[in-house]
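J.: Just dropping this structure here.
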Amino acid sequence: MPEGTLAENLRVVDGPLSRNKLATLRDETTGTPEFRRAMRELALVMVAEATRSMPTRTVRVRTPLVETEVEEISGPVCLVPVLRAGLGMLDGALALLPEATVGFMGLQRDEETAEPVEYYVNLPQNIGDYLVLVLDPMLATGGSLSATLTKLKEYGATWISCLHAVSAVPGVERVTREHPDVTFYTAALDPGLDERSFIVPGLGDAGDRLYGTL
């Protein structure tokens, strides 16, 4: 997917800081502690970018000197990490949004079919009232993410953005087509997938590298 044909609802967060964190994440010699730290720090960058599109409201506060108008995010935020790799981005997201509610989506990929299998869902019943940020480091085939977004919409979510460390073009093409009302943020757009549906060049299995289960 050449840059000129990027979907309108895809944002590539490509700055020196995100590139620096990605360099650490991609390097196969990066150990688990350093990988966790880089993923957390990249999440900070991604959340800061994604919140730029959140609706705000004007309120009045008093500084130590005068009363003035300020802007604040207009609704509650729900962070939804896709288990288990999404947990690697959760601490970074909470550092910037400490009052956020946290929901969870448990999906695993069937290694034979590469299709998602749902095994755990825990979301606020009134999720339609929330601004939802989905945390999922790897957007590969797009199957698990598309299923997550469908489930969120079934629960009533209407404002959703997704944050990824690395995305593959085939997965991006699928989710932006199936969910054109969702905005997707990624720090890197990789060209394709291998025969196991792993992103190439990618960074390996994010969950295994986060939790030392290689």
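Taken together, the values in this text are just the output of simple stated rules run on the coordinates, not laboratory data. A quick note: this is a predicted structure, and the numbers were derived from the prediction, not measured.
J.: If the viscosity is 0.890 mPa s and the temperature 25 °C, what Stokes-Einstein diffusion coefficient in µm²/s follows for the chain when Rh is the Kirkwood radius over Cα pairs?
T.: 139 µm²/s
J.: Now for a different question. With axes computed from alpha carbons, what is the tilt in degrees of helix 143-155 against the longest principal axis of the chain, rounded to the nearest 10 within 0 to 90?
T.: In the chain, helix 143-155 runs at an angle near 30 degrees to the longest axis.
J.: Give me the distance between the Cα centres of the stretch 1-67 and the stretch 117-155, rounded to whole Å.
T.: The two parts, judged by their Cα centres, are 19 Å apart.
J.: Tell me, what HN-Hα J-couplings in whole Hz come from the Karplus equation 6.51 cos²θ - 1.76 cosθ + 1.60 at θ = phi - 60° for each residue of the stretch 163-171, using x for Gly and Pro?
T.: Per residue, the Karplus-derived 3J(HN,Hα) values read 10, 9, 7, 9, 10, 9, 3, x, x Hz.
J.: Something else now. In a Gaussian network model over the chain where Cα atoms closer than 10 Å are linked, find which of VAL175, VAL59, VAL132 has the largest mean-square fluctuation.
T.: VAL59
J.: Sequence-distant or interchain residues sharing an amide H contact under 5 Å with PHE184, placed H: which?
T.: Excluding prolines and chain starts, which carry no amide H, the hits are LEU10, ARG11, CYS162.
J.: Once phi is turned into ³J(HN,Hα) by the Karplus curve 6.51 cos²θ - 1.76 cosθ + 1.60 with θ = phi - 60°, what whole-Hz value does each residue of the stretch 180-189 show in order, with x for glycine and proline?
T.: In residue order, the calculated couplings are x, 8, 9, 9, 10, 10, 9, 7, 8, 10 Hz.
J.: Ratio to report: Rg/Rh of the stretch 1-126, with Cα atoms as the point set and Rh obtained by the Kirkwood method; give two decimals.
T.: When Rh is taken as the Kirkwood radius, the ratio is 1.05.
J.: In units of 2.2 N^0.38 Å, what is the alpha-carbon radius of gyration of the stretch 89-212?
T.: Here the answer is 1.03, to two decimals.
J.: What's the angle, to the nearest 10 degrees (0 to 90), between helix 32-50's Cα axis and the longest principal axis of the chain?
T.: Its long axis makes an angle of about 50 degrees.
J.: For the stretch 117-127, what does the Karplus curve 6.51 cos²θ - 1.76 cosθ + 1.60, with θ = phi - 60°, yield as ³J(HN,Hα) per residue in whole Hz, taken in order and with x for Gly and Pro?
T.: Result, ordered by residue: 10, 7, 10, 7, 9, 9, 10, x, 5, 9, 5 Hz.
J.: Here is a further query. Any idea what angle helix 16-26 forms with the longest principal axis of the chain, computed on alpha-carbon atoms, 0 to 90 degrees, nearest 10?
T.: The helix 16-26 is inclined about 40 degrees to the chain.
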